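**Student:** Can you keep this structure in mind? I'll have questions shortly.
Bear in mind that the values in this text are calculations on the coordinates, not laboratory data. Because the structure is a prediction, the values reported are computed rather than measured. Here Cβ is always computed from backbone atoms with ideal geometry, including for glycine, and neighbour counts include all displayed protein chains.
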Amino acid sequence: MKNIKSRVVVTGMGVVAPNAVGVSAFAKALQEQTSGIRFDQQLADLNFGCQVSGTPQISDELLSENFTPLQLRGLKASGLVYGVIAGKEAFSDAGLEVAPKDEAHSEMGIIFGTGQSGGEKFREAIHLIDDGRVRRLGSTSVIQTMTSGISAWLAGELGCGNMVTSNSSACCTGTEAFLMGYERIAAGKATQMLVGSTSDSGPYIWGGFDAMRILPTKYNDHPENASRPLSNDAAGFVPGSGAGAFILESLESAQHRGATIYAEVLGGALNSGGHRGDGSMTAPNGKAVQDCIRLALKDAQINSEEIDAINGHLTATSKDAFEIKNWSEALHRNGLDFPPINTFKSYIGHCLAAAGSVELVGAILQIKHQQIYGNANITNLHQDITDIINSKCVSTKTQEMRIDVLAKASFGFGDVNACVILKKHDS
């Protein structure tokens, strides 16, 4: 007997992005094509080749709204800060209530991922330990530096008693967490899941990429022009950070509560290229990318012709054209038949482990507002891209359009892939 999956919807969102904090502000920033990429003095002082970044701007007021004075004492893990703010916004946005002190929400869990946690706290801890002052580390050094610190923190704040864990799959982390939460609800093992991802900011996270010479170095005096996905003069990805969060919920529960529904999750897929063929630690296996897209369509039970829009990974590196090629071959669509495609990285940079979740917020907002946000900083589309799709498929301005079904993908270091299919929910 075939199991019937529970339908899953998005009922809450939260975001901390380089160009805006909060869902409504983020929507406005994307609609108006506002950049959050700025000159970064710290990177300049440390002799980075790339001296621009997408670092969220967090006010003292916002910190005091989300953390107690005691919690803020010695708090240096920027990713944890971003994740807590985004996670609590999503929880509130969904109209949920914190569990009472004597009982946890047994039907609500958390999957909140990160790449590295607490780089600044690690640095402080290493110096204290090397100086023989281990007792000065403080009681929060462990939670700030362990990968699951963000999910554990949010579980305590909100009282979540179902599965609580953290995942880590490089740039796929956020999209992977989203799909893992979807699968748990679809399987009937939870009613609600808080899912998302976060990424620290700063030189200790971004230094390795600067050393690899894959970050742009010619735009330090013009930060807003540095991130140039799809362009013939793309010069590398701009390092970014932030967090995105979602409440995923069974449709039955959402309707029973009268919750606002942003979109329905039709399905998705996760896979790896195994570093075989043209895949490696830093390059995607094209066959696996195409397989992931096709598997996502199969899981969602839709045809490729039903895809109205794509929010790609598209990092502003030499692999952008390769990604377009893989989308085209997986969907069997090219020229003017190719769906409109965009990326938000020209405004926020590449938020690494937070990229999938921050961009998923933007992708879902496109469904909600029936718009596709424009791509920026394109001098001319790369020739290898226009050989595959028509330039009209890559809008440089925000446009109104009907979006019933949207595909969002993330492709990460380590040759890992994630693709999710979202649908407009008709109440």
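**Student:** Over region 271-427, what is the percentage of antiparallel beta bridges among all DSSP beta bridges, to the nearest 5? Don't skip to the end; give the middle numbers.
**Tutor:** Numbers: 12 of 18 bridges.
The answer is about 65 percent antiparallel.
**Student:** Once Lys and Arg get +1 and Asp and Glu get -1 on their Cβ, which of Thr114, Ile85, Val134 lies farthest toward the positive end of the dipole of region 22-175?
**Tutor:** Positive-most Cα among the choices belongs to Val134.
**Student:** By a straight-distance test (C-alpha under 17 Å), which aspartates and glutamates pair with Lys408 as possible cross-link partners, with residues fewer than eight away in the same chain excluded?
**Tutor:** Once the sequence-local aspartates and glutamates are set aside, what remains near Lys408 is Glu176, Glu183, Glu264, Asp291, Asp299, Glu305, Glu306, Asp308, Asp320, Glu323, Glu329, Glu359.
**Student:** I've got another one for you. Would you kindly compute the Cα radius of gyration of region 343-427 and its largest Cα-Cα separation (Dmax), both in Å?
**Tutor:** So, for region 343-427, Rg and Dmax equal 13.9, 43 Å respectively.
**Student:** OK, next. At what distance in angstrom do the alpha carbon centres of region 361-427 and region 308-332 lie from each other?
**Tutor:** Using only Cα atoms to place each centre, the spacing works out to 9 Å.
**Student:** If you build the convex hull over the alpha carbons only and average its shadow over all orientations, what do you get for region 268-423? Give it in nm² to one decimal.
**Tutor:** Spelled out: convex hull of the Cα atoms, projected over all directions, averaged, 8.1 nm².
**Student:** Here is a follow-up. What ranking do 129-138, 414-423 get when scored by the average of other Cβ atoms within 10 Å per residue, highest first? Before the final figure, lay out the partial values.
**Tutor:** Values: 129-138: 11.1, 414-423: 25.5.
Final packing ranking: 414-423, 129-138.
**Student:** Over all directions, what mean area does the Cα convex hull of the chain project, stated in square nanometres?
**Tutor:** Convex hull of Cα atoms, orientation-averaged projection: 21.1 nm².
**Student:** Evaluate region 8-263: find the radius of gyration of its Cα atoms, find its Kirkwood radius, and give the ratio Rg to Rh.
**Tutor:** With Rh from the inverse mean 1/r over Cα pairs, Rg/Rh is 0.99.
**Student:** Right, next: With +1 on each Lys and Arg Cβ and -1 on each Asp and Glu Cβ, how big is the dipole of region 8-263 about its Cα centre, in debye rounded to the nearest 20?
**Tutor:** 440
**Student:** Given +1 on the Cβ of Lys and Arg, -1 on the Cβ of Asp and Glu, and no further charges, what dipole in debye does region 83-215 carry about its Cα centre, rounded to the nearest 20? Mind showing how you got there, number by number?
**Tutor:** Numbers: 10 positive and 15 negative charges, 73 e Å.
Charge dipole of region 83-215: 360 debye, to the nearest 20.
**Student:** Which number gives the lysine pairs in region 8-263 that have C-alpha atoms under 23 Å apart and are eight or more places apart or on different chains?
**Tutor:** Final tally of qualifying lysine pairs is 6.
**Student:** Applying the Karplus parametrisation 6.51 cos²θ - 1.76 cosθ + 1.60 with θ = phi - 60° to the phi angles of region 406-422, what ³J(HN,Hα) value in whole Hz is obtained for each residue in order, glycine and proline being reported as x?
**Tutor:** 10, 10, 10, 10, 9, 10, x, 3, x, 6, 10, 9, 8, 9, 10, 10, 10
**Student:** Here's something else I'd like to know. Can you list the residues, at least 5 places off or on another chain, whose amide H is less than 5 Å from the amide H of Val238, using H built in the peptide plane?
**Tutor:** Those qualifying (amide H under 5 Å, at least 5 residues apart or on another chain) are His350.
**Student:** Using the beta-carbon distance between Lys392 and Val142 and R0 = 30 Å, what value does 1/(1 + (r/R0)^6) give for FRET efficiency, to the nearest 0.05?
**Tutor:** 0.05
**Student:** Extending each Cα 7 Å along its Cβ direction at Gln31 and Gln399, get the distance between those two points in nm, one decimal.
**Tutor:** 1.9
**Student:** For a 25 Å ceiling on Cα separation, which of these pairs sit above it: Lys319/Lys424; Lys392/Lys424; Lys345/Lys368?
**Tutor:** Those over the limit are Lys319/Lys424.
**Student:** What's the FRET efficiency of Thr68 with Ile129 using the Cβ-Cβ distance as r and R₀ = 30 Å, to the nearest 0.05?
**Tutor:** Once rounded, the FRET efficiency stands at 0.65.
**Student:** Same structure again: Given charges of +1 on the Cβ of Lys and Arg and -1 on the Cβ of Asp and Glu, with all other atoms neutral, how large is the dipole of the chain about its Cα centre, in debye to the nearest 20?
**Tutor:** Roughly 400 debye, rounded to the nearest 20.
**Student:** Find the centroid of the Cα atoms in region 45-120 and in region 178-201, then give the distance between the two in whole Å.
**Tutor:** 17
**Student:** Right, here's the next one. Going 7 Å from the Cα of Ser92 along its beta-carbon direction, which residues of region 143-158 have the amide nitrogen within less than 14 Å of the resulting point?
**Tutor:** The answer is 158, whose backbone nitrogens lie closer than 14 Å to the label point.
**Student:** Further question: Please turn the phi angles of region 84-93 into ³J(HN,Hα) values with the Karplus equation 6.51 cos²θ - 1.76 cosθ + 1.60 (θ = phi - 60°), one per residue in order, whole Hz, x for glycine and proline.
**Tutor:** 5, 5, 5, x, 6, 5, 4, 4, 5, 4
**Student:** Could you give me the percent of Cα pairs per 10 Å distance bin for region 226-346, shortest bin first, beginning at zero and ending with the bin that holds the maximum distance?
**Tutor:** 11, 33, 36, 15, 4, 0
**Student:** At 7 Å along the Cα-to-beta-carbon direction for both His369 and Ser24, put a label point, then send me their distance in nm to one decimal.
**Tutor:** 1.3
**Student:** What is the Rg over Rh value, at two decimals, for region 183-241, using alpha-carbon atoms and the Kirkwood definition of Rh?
**Tutor:** 1.24
**Student:** Tell me, what is the FRET efficiency for Asp45 and Ile4 to the nearest 0.05, using R0 = 41 angstrom and their Cβ-Cβ distance as r?
**Tutor:** Once the sixth-power term is evaluated, E becomes 0.10.
**Student:** A further question follows. Okay, which of region 375-400 sit inside 12 Å, backbone N to the point 7 Å along the Cα-Cβ direction of Leu336?
**Tutor:** 390-393
**Student:** Let me ask you something else. Of the beta bridges DSSP finds with both residues in the chain, what % are antiparallel, to the nearest 5? Write out the running numbers ahead of the final one.
**Tutor:** Values: 42 of 60 bridges.
In the chain, approximately 70 percent of DSSP beta bridges are antiparallel ones.
**Student:** Turning to a different aspect of this structure: Classify region 22-127 as rounded, prolate or oblate from the Cα gyration tensor: take a ≥ b ≥ c as the square roots of its eigenvalues, call it rounded if a/c is under 1.5, otherwise prolate when a/b beats b/c and oblate if not.
**Tutor:** It is oblate, given that a/c is not under 1.5 and a/b is not larger than b/c.
**Student:** Using just the helices of the chain, give the 222 nm mean residue ellipticity in deg cm²/dmol: DSSP H runs with n ≥ 4 each add -39,500 (n - 2.57), and the total is spread over all residues, rounded to 500.
**Tutor:** One gets -10000 deg cm²/dmol as the mean residue ellipticity at 222 nm.
**Student:** Can you work out the Karplus-derived ³J(HN,Hα) for every residue in region 314-325? Use 6.51 cos²θ - 1.76 cosθ + 1.60 with θ = phi - 60°, whole Hz, and x for glycine or proline.
**Tutor:** 6, 8, 6, 10, 5, 8, 4, 5, 5, 5, 4, 4
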